[in-house]
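Taking it in order: structure first as structure tokens, then the write-up.
The values are calculated or read from the model by the stated rules, or taken from the named source; none is laboratory data. Quick caveat: nothing in here was measured; it's all calculated off a predicted structure. Don't worry about glycine lacking a Cβ; one is built from the backbone with ideal geometry, like all the others, and counts go over all protein chains shown. With ligands, DNA and RNA removed, areas are computed over all heavy atoms of the protein, side chains included. Shrake-Rupley method; radii C 1.70, N 1.55, O 1.52, S 1.80 Å.
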Amino acid sequence: MNPYALSMLMSSLAMGTIITLSSSHWFLAWMGLEINTLAIIPLMTKMHHPRATESATKYFLTQATASALLLFSAAMNAWVTGEWTIMNMNSYTPTTILTIALAIKLGIAPFHLWLPDVLQGLDMMTCLILSTWQKLAPMALLILTSHQLNANLLTLMALASAIIGGWGALNQTQMRKIMAYSSIAHLGWMTLVVSFAPGLALLNLTIYLMMTSSMFMMLMTLNATNMNKLSISWLKTPTLTASMMAGLLSLGGLPPLSGFLPKWLILQEMTKHHLGVLSTVMALSALLSLFFYLRLSYMISMTSPPNISNANLAWRKKNNPSLINPILVVLSTMLMPITPMLLM
């Protein structure tokens, strides 16, 4: 892609998110989301492949539906209350429509079906943007309006997301689909706690962004799109393979890694609100996710392929060293010691 066009698209992506994050008016927030959507579609179709075109079409249709619902809920709320401010959503019908619109935007179950298919047709860098940066604006709106939304509806969606996110990835062999279901499961945990403690949802989002970014960057370095390619990755970069194993276990929420921190605090918050059964179901759904992360970790670190292909294997992959990846790996695995500071 032309570097000038790429820089323009990336700046439009940044501008759309910043407009939504800084707005207090529904129309401005909607406009930011639209700029965001229109900026990422050319990035999706830059591969000139039928799968990429299909992914971009699916993404555009789902996001356009969500944007229309969001604008409709804002207009209905303005009709009832006479205000367009984000913090004033008091009527039941507009808040329900808004919840559905944000769920479609984020890919929360039962509106999750577009996310694995869209990610599977894209290159890794666009997948990274879609799984991290594109979640910021809708999640900010969800956190801003969390005290006005229907808590029961959000809890049901969160429970469905955590279970489907774990269950859907069990039979997957494609890394992009596995990361998509991982995203759905993590969004379930954020949606669960957003009504009770928005600060915890923000912490979970931050750690999720670091873990997902480091995982996608490692996958890009190894050029691994499926599990078979991962199994020979130790030949290319042994250090990176060890880091990836730690990153996967952190995504699964295994102590003492960073991914355990938000799950632990969320379950603690749920039990404070006397939601023991819900906490138990969420913890069991986390075991589903942990199973496929463990399977990936085992394949990366403890197996060797039964036969060697005729192609020349790169004995040691030589890359330009970048500081971003090691920093992200450290942050996504070693944040557990800051827990006492957060509990204060």
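Quick look at the numbers
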{"read-out": "Simple spin-label estimate for Ser322 and His274 in nanometres, 7 Å along Cα-Cβ", "value": "5.1"}
{"read-out": "Over the chain: helical MRE at 222 nm, DSSP H runs n ≥ 4 each giving -39500 (n - 2.57), nearest 500", "value": "-24000 deg cm²/dmol"}
{"read-out": "For region 36-176, alpha-carbon Rg over 2.2 N^0.38 Å", "value": "1.12"}
{"read-out": "Relative counts (whole %) of C-alpha pair distances in region 202-255, using bins that are 10 Å wide", "value": "23, 53, 21, 3"}
{"read-out": "Total lysine pairs whose alpha carbons fall under 22 Å of each other in the chain (8 or more apart, or interchain)", "value": "16"}
{"read-out": "Region 1-71 and region 151-174: distance between their alpha carbon centers, rounded to Å", "value": "25"}
{"read-out": "Surface/4 estimate of mean projected area, convex hull on alpha-carbon atoms of region 2-84, nm²", "value": "5.6"}
{"read-out": "Sites Met299 and Ile18, calculated FRET efficiency, Cβ-Cβ separation with R0 45 Å, nearest 0.05", "value": "0.65"}
{"read-out": "Ser301 accessible area, assembled protein chains, probe 1.4 Å, Å²", "value": "60"}
{"read-out": "Gained length - Ala64 relative to Thr96, 0.36 nm times residue gap less alpha-carbon distance", "value": "9.7 nm"}
{"read-out": "Shape category assigned to the chain from the gyration tensor of Cα positions, a/c cut at 1.5", "value": "oblate"}
